[in-house]
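Right, one structure below, let's go through it.
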Amino acid sequence: MRYARAALAALGLAAIGYAVVGAAGDRDVVPARHAGFLATVLVLHDGVLLPAIIAVGVLVHFLVPPPYRATVQSALLATAAVTVVALPLVLGYGRIADNPSALPRDYAYGLLTVLAVVWLAAAVALLVRAARRR
């Protein structure tokens, strides 16, 4: 396991080095803009997203009984993953006014449908677990 981690770390560092060398040789790359983007992502992640996730985790820990906690956490994780993937489509990024075939579906309805299925499955799992505990 130790060698696998070292190999993965070496591959990651090699990929980072390749990207930095490629960006340094590209005339279209503006380092100040990239640094600003990375700083913004870092601040938003560490200042907004991470505290919100920790707060939800604390709430789940205190509000959900231990036998049901894993199911609720799994549903929350699936909700977050599906929302992150679907949000650009729901917001319409890439939609072109004169091309109706670009993003032709009702993605908000699709997202809500998937989330409803996730939480319905979680509710069924919670009910089955509650019935078995009795």
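No lab work stands behind these numbers, since they all come straight from the coordinates. Model, not experiment: these values are computed from the prediction. Note that we place each Cβ from the backbone using ideal geometry, even for glycine, and neighbour counts take in every protein chain shown.
Each distinct pair of alpha carbons in region 63-134 adds a 1/r term; the inverse of their mean, the Kirkwood radius, is 14.2 Å.
So if I average 1/r over every pair of distinct C-alpha atoms in the chain and take the inverse, what Kirkwood radius in Å does that give? Averaging 1/r across every pair of different Cα atoms and inverting gives 19.5 Å. Against the chain, whose longest principal axis is taken from its Cα atoms, helix 2-24 shows a tilt of about 50°. For Leu44 and Val124, a Förster radius of 35 Å and the Cβ-Cβ distance give a FRET efficiency of 0.50, rounded to the nearest 0.05.
Packing, taken as the mean count of other beta carbons within 10 Å per residue, orders the peptides 11-18, 88-95, 66-73 from highest to lowest as 66-73, 88-95, 11-18. What do you get for the angle between helix 107-133 and the principal long axis of the chain? Use alpha-carbon atoms, 0 to 90 degrees, nearest ten. For 107-133 against the chain, the angle is about 40 degrees. Put a dot 7 Å past the Cα of Leu89, heading toward its Cβ, do the same for Gln73, and the two dots end up 2.9 nm apart.
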